1. Please work out how much length the chain gains when fully extended from ALA245 to ALA67, using 0.36 nm per residue of separation minus the C-alpha to C-alpha distance, in nm with one decimal.
2. Using mean Cβ contacts within 10 Å as the protection proxy, how do 25-31, 253-259, 43-49 order, highest first?
3. With the crude spin-label approximation of a point 7 Å out along Cα→Cβ, what separation in nm comes out for GLU162 versus ASP282?
4. Helix 342-351: angle to the longest alpha-carbon principal axis of the chain, degrees 0 to 90, nearest 10?
5. So, in nm, how far is label ALA222 from label ALA86 when the simple model puts each one 7 Å beyond its Cα toward the Cβ?
6. Going Cα to Cα from LYS237, which lysines come in below 21 Å? Please leave out same-chain ones fewer than 8 positions away.
7. Helix-only mean residue ellipticity at 222 nm, the chain, DSSP H runs n ≥ 4 weighted -39,500 (n - 2.57), per residue, nearest 500. What is it?
8. Going toward the positive end of the dipole of the chain, with +1 on Lys and Arg Cβ and -1 on Asp and Glu Cβ, which of ALA180, LEU281, ASN313 do you reach last?
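The values are calculated or read from the model by the stated rules, or taken from the named source; none is laboratory data. It should be emphasised that the depicted structure is a prediction, and the values quoted were computed from it without experimental measurement. Positions of Cβ are backbone-derived with ideal geometry, glycine not excepted, and every protein chain shown enters the neighbour counts. The accessibility values were calculated without ligands, DNA or RNA, using every heavy atom of the protein model including side chains. Shrake-Rupley method; radii C 1.70, N 1.55, O 1.52, S 1.80 Å.
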Amino acid sequence: MLAICPEEGCEIPLLRFGAKMSRGQYPATRMRRNRMKAFSRRMLAEHRLSVDDLIWPLFVIEGEDKAEPVTSMPGVSRHSIDRLVAQAREAEALGIPAIAVFPSIDPALKDNEGTLAGDGDNLVCRAVRAVKKACPELGVICDVALDPFTDHGHDGILRDGEIVNDETVAVLCRQAVCQADAGCDIIAPSDMMDGRVAAIRAALDGAGHQNVQIMSYVAKYASGFYGPFRDAVGAGKLAGGDGKASYQMNPANSDEAMHEISLDLAEGADIVIIKPGMPYLDILGRAKAEFGVPCVAYQVSGEYAMIKAASANNWLDGERAMMESLLGFKRAGADAILTYFAPDAARLLAKG
Ligand code: PBG
């Protein structure tokens, strides 16, 4: 048998693994011995989930003292800014290091160009200012993409049936700068346009935001698991038949994700996101192993909805499935996890 030796990049006989295997055989070796007692299982755990790993995505709407439940995401609501601030305080109290803020915009304010995205007084910028004022130490992350602001629901500008790249990048830069001006700590481009990380980095630096981090949705797949999120932000049905396939990645591809990561890192990304989470653990594992940079998994709305729906039917133990799914991200190589379960998981972790 042959295997690729990771250090030398050459083929070597599987001797090392063979040597491992000859360490012991049943009955001298009994794998169950280490699993027999709780202390031993705890002591020998290779990976651990901590509250420090959690990023809580939150939805914001206009109004005051308003909360609208998202039907397809039981337990998740869109909140007006005052209530969002209360959630930010809750995140801090639970020890969650960062939140991600997503706006649900009045359809009357949307247009083809997503113009409102570049307006420093838009909902998300006002929300960020309010959160940073109340919780200056809490990390605040904002998406950079036009979909909450476009009337067709795409992440970029639509011209003659095509999402135009370079024109979109110009709007994304304005969006990033106004979010950073509002106090956002981490800019997270989720649009998948080419060249946007370099352009956003230059725009941020030009506006005096050298220390604002870029957490790029590097490997973002054209996925069926985003459905409930699109309900939550009111992105509605997409125009055009192929969905977002002309800019988001083909779920069949893995090498392409590595190519994307190398480009975004060269353009100045500080952190990379792999999204969705559970169906793409192999991509996360490769990303961490091949690049050794901070990697974040996004357990997306559809993954959350699946676990919630199954547990509501008593088809599985929801808490157990939640914790197992989050630990799976850690095992695969995640440094942090964007998850709608963040507060529930934080509460459980605090119980010990
Ligand atoms: C916007 C964006 C999406 C998500 C995060 N940012 C939706 C999409 O690309 O269609 C999905 C998050 C989720 O499903 O939880 N570009």
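1. 60.8 nm
2. By packing density, highest mean first, the sequence is 253-259, 43-49, 25-31.
3. So the two model labels end up 3.3 nm from each other.
4. So the helix axis and the longest Cα principal axis differ by about 40 degrees.
5. In this crude spin-label approximation the distance works out to 4.2 nm.
6. Filter leaves LYS110, LYS220, LYS275.
7. Estimated from H runs of four or more residues: -11500 deg cm²/dmol.
8. Comparing the listed Cα positions along the dipole, ASN313 ranks first.
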